[in-house]
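The structure appears right after this line, and notes come after that.
Read the figures in this text as sums done on the coordinates, not as results from a lab. These numbers were taken from a predicted model, which means no experiment stands behind them. Don't worry about glycine lacking a Cβ; one is built from the backbone with ideal geometry, like all the others, and counts go over all protein chains shown.
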Amino acid sequence: MPCMDDDVERRGRPTVHVAFGEAIAVLAGDALLAAAFEVLGRGAPGLPAEALLFAARDLAHAAGSLALVGGQVDDLAFEAASASLASVESIHERKSAALIAASIVGGARLGGASAPLLERLRRFGVAVGIAFQIADDLLDERQDGAEEKGGDAGCSLVPLVGEKAARERAETLLASALLWIDDLGERAEPLRELARFAVRRDR
């Protein structure tokens with residue numbers, strides 16, 4: 001959106017506000033958020049009502065003022081000159097990482113996972129989410145370049161530490177994430193594949 005990052009492309013395709021206009025982009029975001037809660041509220045045979053309630057709570061938290069919205073507020077106020085690794089990753093953790101973690105934990109909760117396993121999966125999701133955002137920033141740097149963006153890369157680790165160090169940080173986070181699910185065997189292989197793709201994708 002022009003009032004946010006004003007990206008013209010995401011994942012190699014035009015952003016919604018470019019393709020359909022700002023009004024439709026805002027309405028689409030509102031509709032999708034409402035649809036997420038509708039799906040949880042609808043439930044399915046065999047899913048415990050309490051698990052659905054907690055999954056909805058986790059999603060609301062991830063999308064709210066203490067996570068996604070608060071992170072975006074800090075992103076808008078971000079100043080590269082005073083940035084640090086901690087400040088950049090704090091924003092990433094509350095945005096991409098919060099939503100990824102909530103999605104993973106929500107699915108596991110509905111599947112009957114224990115509290116200790118849910119916490120491990122949350123930590124897995126946070127690490128993957130931060131690494132995902134670093135990978136996104138690396139792709140932006142490669143595709144657009146800071147010069148084309150007018151020298152302002154926004155809240156990104158790449159201008160702060162350089163491409164090589166940023167890529168190494170993403171790989172370190174990926175390794176950390178995989179350790180949280182190391183002993184889960186074959187049933188966790190889809191999560192491992194998802195994590196590797198999130199960090200090593202080329203678009």
- Item | Span from the segment 1-68 Cα centroid across to the segment 84-146 one, whole angstrom | 16
- Counting only residues 5 or more apart in sequence or on a different chain, those whose built amide H sits under 5 Å from that of Arg10 are Thr15
- Among 111-118, 69-76, 157-164, the order from most to least packed when residues are scored by Cβ within 10 Å on average: 157-164, 69-76, 111-118
- Against the longest principal axis of the chain, how steep is helix 163-180, in degrees 0 to 90 to the nearest 10, with axes from Cα atoms? 10
- Provide the packing ranking of 93-99, 11-17, 170-176, 60-66, i.e. peptides ordered by the mean count of other C-beta atoms within 10 Å per residue, highest first. 93-99, 170-176, 60-66, 11-17
- Would you kindly state how much longer the chain becomes between Arg200 and Glu79 on full extension, computed as 0.36 nm times their sequence separation minus their alpha carbon distance, in nm to one decimal? 40.8 nm
- Message: Could you derive backbone 3J(HN,Hα) for segment 184-189 from the dihedral phi with the Karplus parameters 6.51, -1.76 and 1.60 (θ = phi - 60°), listing whole Hz in sequence and x where the residue is Gly or Pro?
- Response: 8, x, 5, 5, 9, 4
- Note on the structure: Taking the square root of 5λ for each eigenvalue of the C-alpha gyration tensor of segment 49-200, the equivalent ellipsoid has semi-axes, largest first and in whole angstrom, of 29, 19, 11
- Note on the structure: Projected onto the charge dipole of segment 1-42 (unit charges on the beta-carbon of Lys, Arg, Asp and Glu, signs +1, +1, -1, -1), the Cα from Val18, Ala36, Val8 with the largest positive-side position is that of Ala36
- Rel. contact order, % - alpha carbon contacts under 8 angstrom, at least six apart, the chain: 18
- Query: Taking the simple approach of a point 7 Å from Cα along Cα-to-Cβ for both Ala175 and Ala44, what is their distance in nm?
  - Reply: 3.7
- Item | Full-extension gain in nm, Arg11 to Ala165, via 0.36 nm per residue minus C-alpha separation | 53.1 nm
- Note on the structure: Between the residues Ser176, Ala97, Gly46, the Cα farthest towards the positive end of the dipole of the chain, that dipole coming from +1 and -1 charges on the beta-carbon of Lys, Arg, Asp and Glu, is from Gly46
- How many nm separate the modelled label positions at Leu66 and Ala28, each set 7 Å beyond the Cα in the direction of the Cβ? 3.1
- Query: To the nearest 20 debye, what charge dipole does the chain have about its Cα centre, counting +1 at the Cβ of each Lys and Arg and -1 at the Cβ of each Asp and Glu?
  - Reply: 780
